[in-house]
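**Q** First the structure, then my questions, so here it is.
The values are calculated or read from the model by the stated rules, or taken from the named source; none is laboratory data. What you are looking at is a predicted structure, and each value in this text was computed from that prediction instead of being measured. Cβ atoms come from the backbone with ideal geometry, glycine included; neighbour counts cover every protein chain shown.
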Amino acid sequence: MALDLSPYFDKIAGLKMIHRIIIFVGTVVVLVAAFVFLVYLPKTDEIKNLKADIEQLEAQIRLAAIRTKNLKKLESDLAGIEEDLKFALRLLPTSSEIPSLLKNITKLGNESNLDFLLFSPLKEIPKELYVEIPVSVEVRGNYHDVAQFFDKVGKLDRIVNVVDITMIPVKEFETNLRTVCKTVTYRFKEEKAKGATKKKK
């Protein structure tokens, strides 16, 4: 059944112009208020929530991009460190190689015309990743022969440093010298070396 609104319109038509305007304005205000409270404001809150979500997602994306960039740098740095470790492993002797290395040092001294007065391995000094292996050395020979010996030791495939060097003439005004020094080589701790070998595989 259709709603007959004609009596209401007839009543409005019989009102004065001022009353019609008031009714019209009132109706518009009610409609606008209804739209604002029922449609606009709920949508505004929804839009604010969506904007907040978007900003949060953008922040997460930026953070992820930074982490990805840092991860690539870390991976590059790690690859470089692993290469350095592989190179160091080639330069540092293992436990089984130490005796032959020390024997090779004495051989170089003999080839340089030096007389060994002392060649005494000292107590090993453990460090975090490696172990220092010092050897107390005392030789006799002229300065040129000693320098030649040090040069040969420095050219070994394995790292051997010569430190704490003291040179004293055997006799006054004599070119023959008694040279006291310490040779220091290094080896990786066995567990560290095994770990590095596994990584290489």
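**Q** Kindly indicate whether any position in region 137-150 is acidic (D, E) and modelled with pLDDT under 90.
**A** Within region 137-150 (the criterion being acidic (D, E) and modelled with pLDDT under 90), the answer is no, since none of the residues qualifies.
**Q** Can you confirm whether I61 is in a helix (DSSP H, G or I), assigned by TED's automatic domain parsing to the domain that holds T183 and at pLDDT 65 or above?
**A** no
**Q** If you go through region 117-164 one residue at a time, how many are among the charged types (D, E, K, R), free of Cβ contacts under 8 Å to residues at least 24 places away in the same chain and under 22 Å from S100 (Cβ atoms)? Write out each step before concluding.
**A** To start, the set of residues in region 117-164 that are among the charged types (D, E, K, R) comprises 123-124, 127-128, 132, 138, 140, 145, 151-152, 155, 157-158, 164.
If we keep only those that are free of Cβ contacts under 8 Å to residues at least 24 places away in the same chain too, we end up with 123-124, 127-128, 151, 155, 164.
This time we only want the ones that are under 22 Å from S100 (Cβ atoms), so: 123-124, 151, 155.
Qualifying residue count for the region: 4.
**Q** Out of K73, K86, K69, which single residue is at pLDDT below 75, within 18 Å of the chain's Cα centre (by Cα) and among the charged types (D, E, K, R)? First the steps, then the outcome.
**A** Working: K73 fails: at pLDDT below 75; K69 fails: at pLDDT below 75.
One residue alone meets the criteria, K86.
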